[in-house]
Amino acid sequence: MCRLLAYLGSSVTLENLLYKPEHSLIVQSYQPREMTSGVVNADGFGVGWYHSQRNTDPFTYRNTLPIWNDLNLPELSRYVESKCVLAYVRSATPGQALDFANCQPFNYQQQLFIHNGYIENFRKTLHRKIRSILTPDFYEQINGSTDSEHIFALLLSQSQINKHRPPESALRNTLVTLLEMAKRHQVKVSANIVFSDGNRLIASRFSSNAPAPSLYWLKNHQNFPKSVIIASEPLFTGNWTSCPENTIISVGEDCDIQIKPI
């Protein structure tokens with residue numbers, strides 16, 4: 001069921017974040033500890049980051065290879081530094097194509113988005129329902145076939161419709177909409193989400209049926225001072241806190257954390 005990682009804080013190299021921890025995202029790709037379905041995360045990966053000094057759209061590096069087989073990422077990770085990083089290793093839902101269009105993070109302008117979870121029988125249940133309520137701008141942005149990208153399009157649509165509301169409101173509306181659809185069609189939905197504009201992290205731990213996929217946060221670890229890490233599984237020994245189920249987690253520019261029920 002995929003594994004995700006998000007970082008906000010002092011500038012850090014991708015190497016220190018992706019490779020150095022004892023239970024890094026690389027290790028989680030082949031030896032995860034808390035997946036509720038699947039065995040490994042070998043169906044591609046992606047990393048998104050923001051320039052540490054310039055206000056530009058985010059950069060992404062994605063591949064359909066298992067992350068442990070990519071020969072370029074270790075070298076790239078030694079030189080890239082960022083204050084905000086989102087990364088992801090994929091365990092594809094059966095029937096979903098293994099191609100670049102389905103690799104996360106997804107991005108739109110300043111926004112990066114990653115999702116861990118699933119919509120049960122997506123193509124037969126909520127696929128058309130979600131597409132029917134998207135705004136035209138984001139209906140046309142969908143390039144792949146995953147439930148994850150459709151959830152991102154729904155989130156962007158909610159942000160556009162309620163553009164004067166905070167991003168947490170758009171995420172809550174998205175999750176409530178998914179829950180109502182899921183109940184109507186008697187299917188399960190889980191949506192651990194992290195999205196960012198480079199200055200903040202907004203995340204959710206959510207499922208229509210308990211338990212939700214695992215999600216943790218850690219603040220100001222000695223190896224990552226003045227920072228917050230959100231991850232599917234703890235990367236190393238530390239004071240990790242399990243995010244409560246069915247909540248939205250907000251991390252501000254000063255790394256303050258707020259957690260509210262959905």
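Treating each Cα of the chain as an identical point scatterer and ignoring solvent, apply the Debye formula and state log10 I(q)/I(0) at q = 0.16 Å⁻¹.
-1.23
Quick check: convex hull over the Cα atoms of region 1-64, volume per residue in Å³, rounded to an integer?
98
For the chain, with every protein chain kept in place, what is the accessible area per residue (1.4 Å probe, Å²)?
Per-residue accessible area for the chain comes out at 46 Å².
In the Gaussian network model of the chain, springs joining C-alpha atoms below 10 Å, which of Arg33, Arg205, Arg172 carries the largest mean-square fluctuation?
With Cα springs under 10 Å in the chain, the top fluctuation among Arg33, Arg205, Arg172 is at Arg33.
Sort 124-133, 111-120 by the packing proxy (mean of other Cβ within 10 Å over each peptide's residues), most packed first.
111-120, 124-133
If each residue of separation counts as 0.36 nm, what is the full-extension length gain between Gln186 and Asn143 once their alpha-carbon separation is subtracted? Write down the numbers at each step before the final one.
Numbers: separation 43, 0.36 × 43 = 15.48 nm, distance 2.71 nm.
Stretched fully, the Gln186-Asn143 segment lengthens by 12.8 nm.
About its Cα centre, how strong a charge dipole does region 101-254 have in debye, to the nearest 20, once Lys and Arg get +1 and Asp and Glu get -1 at the Cβ?
So the magnitude is around 420 debye.
What angle do you read, to the nearest 10 degrees and between 0 and 90, between the alpha-carbon axis of helix 167-185 and the longest principal axis of the chain?
50
How tilted is helix 147-161 with respect to the longest principal axis of the chain? Cα atoms for both, answer in degrees (0 to 90, nearest 10).
80
Are any of the pairs Lys83/Lys129; Lys188/Lys219; Lys226/Lys260; Lys183/Lys219 more than 26 Å apart by Cα-Cα distance, and if so, which?
With Cα atoms farther than 26 Å apart: Lys83/Lys129; Lys188/Lys219; Lys183/Lys219.
Using a 1.4 Å probe on the protein heavy atoms, what percent of the accessible area of region 1-139 belongs to carbon and sulfur?
In region 1-139, the share of accessible area belonging to carbon and sulfur is 47 percent.
So which GluC sites (Glu not before Pro) in region 32-110 pass both tests, a DSSP loop state and at most 15 other Cβ atoms within 10 Å of the Cβ?
Values: sites: Glu34, Glu75, Glu81; in loops: Glu34.
Counting only loop positions with at most 15 other Cβ atoms within 10 Å, the GluC sites (Glu not before Pro) in region 32-110 are Glu34.
In the Gaussian network model of the chain, springs joining C-alpha atoms below 10 Å, which of Asn41, Asn173, Asn55 carries the largest mean-square fluctuation?
Fluctuation is largest for Asn55.
Roughly speaking, to the nearest percent, how much of region 140-262's 1.4 Å accessible area is carbon and sulfur?
Exposed carbon and sulfur together represent 44 percent of the surface.
Counting each DSSP H run of 4 or more residues in the chain as -39500 (n - 2.57), what helix-only mean residue ellipticity at 222 nm follows after dividing by all residues, to the nearest 500 deg cm²/dmol?
It comes out at -6500 deg cm²/dmol, rounded to the nearest 500.
When only C-alpha pairs under 8 Å and at least 6 residues apart count, what is the relative contact order of region 84-222, in percent?
26
The values are calculated or read from the model by the stated rules, or taken from the named source; none is laboratory data. This one's a predicted model, so the numbers in the text were calculated from it and none came from an experiment. Here the Cβ is made from the backbone with ideal geometry for all residues, glycine too, and neighbour counts use every protein chain on show. Please note that ligands, DNA and RNA were not included when accessible areas were found on the heavy atoms of the full protein model with its side chains. Shrake-Rupley method; radii C 1.70, N 1.55, O 1.52, S 1.80 Å.
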